[in-house]
1. Which whole-Hz ³J(HN,Hα) couplings does the stretch 22-37 yield from phi under the Karplus relation 6.51 cos²θ - 1.76 cosθ + 1.60, θ = phi - 60°, glycine and proline marked x?
2. Near N35, within a Cβ-to-Cβ distance under 12 Å, what is the net charge of the other residues, with Lys and Arg +1 and Asp and Glu -1?
3. Counting helices only, and only those DSSP H runs with n ≥ 4, report the 222 nm mean residue ellipticity of the chain as the sum of -39,500 (n - 2.57) divided by its residues, in deg cm²/dmol to the nearest 500.
4. Collect residues whose amide H, placed 1.01 Å from N in the peptide plane, falls under 5 Å from the amide H of V15; neighbours closer than 5 in sequence don't count.
5. So for the chain, averaging the separation of alpha carbon pairs under 8 Å that are six or more residues apart and normalising by length, what relative contact order in percent results?
6. At most 11 other Cβ atoms within 10 Å plus a DSSP loop assignment makes a site exposed; report the longest stretch of the chain without any exposed chymotrypsin sites (Phe, Trp or Tyr not before Pro).
7. Classify the stretch 16-65 from the C-alpha gyration tensor, please: rounded if a/c falls under 1.5, else prolate or oblate depending on whether a/b exceeds b/c.
8. Please give the contour-minus-distance gain from Q60 to Y45: 0.36 nm per residue of separation, less the Cα-Cα distance, rounded to one decimal in nm.
Amino acid sequence: MEYLITMVTPKNGTVLEPFLGSGTTGVAAVNLKRNFIGIELDKDYFAICEKRIQSYMAQQTFNFE
């Protein structure tokens, strides 16, 4: 997903994921320092995704230059 994001979303751009699922695209967007908007109708999948992205962010040291 990181490769696809770099192909279509400029730095400081926003990634829109209309089918959030388990959050793979969200994690890739965070890793690439892109803004991210995710949409998920299923509350169970949303909870999984939210936990996954928060866990990933807690493990990272960001340098926003």
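1. 8, x, 4, 5, x, 5, 5, 5, 4, 4, 8, 6, 9, 5, 8, 10
2. Numbers: positive: K11, K33, R34; negative: E17.
Local charge sum for N35: +2.
3. Details: 3 runs with 32 residues, N = 65.
Taking each H run of at least 4 residues, the total per residue is -15000 deg cm²/dmol.
4. Residues meeting the criterion, in which the H sits 1.01 Å from N, are N35, F36, I37.
5. Numbers: 75 pairs, mean separation 21.1, N = 65.
32 percent.
6. On the way: sites that count: F19, F62, F64.
Answer from the scan: 20-61.
7. oblate
8. Numbers: separation 15, 0.36 × 15 = 5.40 nm, distance 2.29 nm.
Gain on stretching Q60 to Y45: 3.1 nm.
Computed from the coordinates by the stated procedures, all read-outs in this text should not be read as laboratory data. If you're wondering where the values come from, they're calculated on a predicted model, not measured in any experiment. All Cβ positions, even for glycine, are placed from backbone atoms using ideal geometry, and neighbour counts span all protein chains on display.
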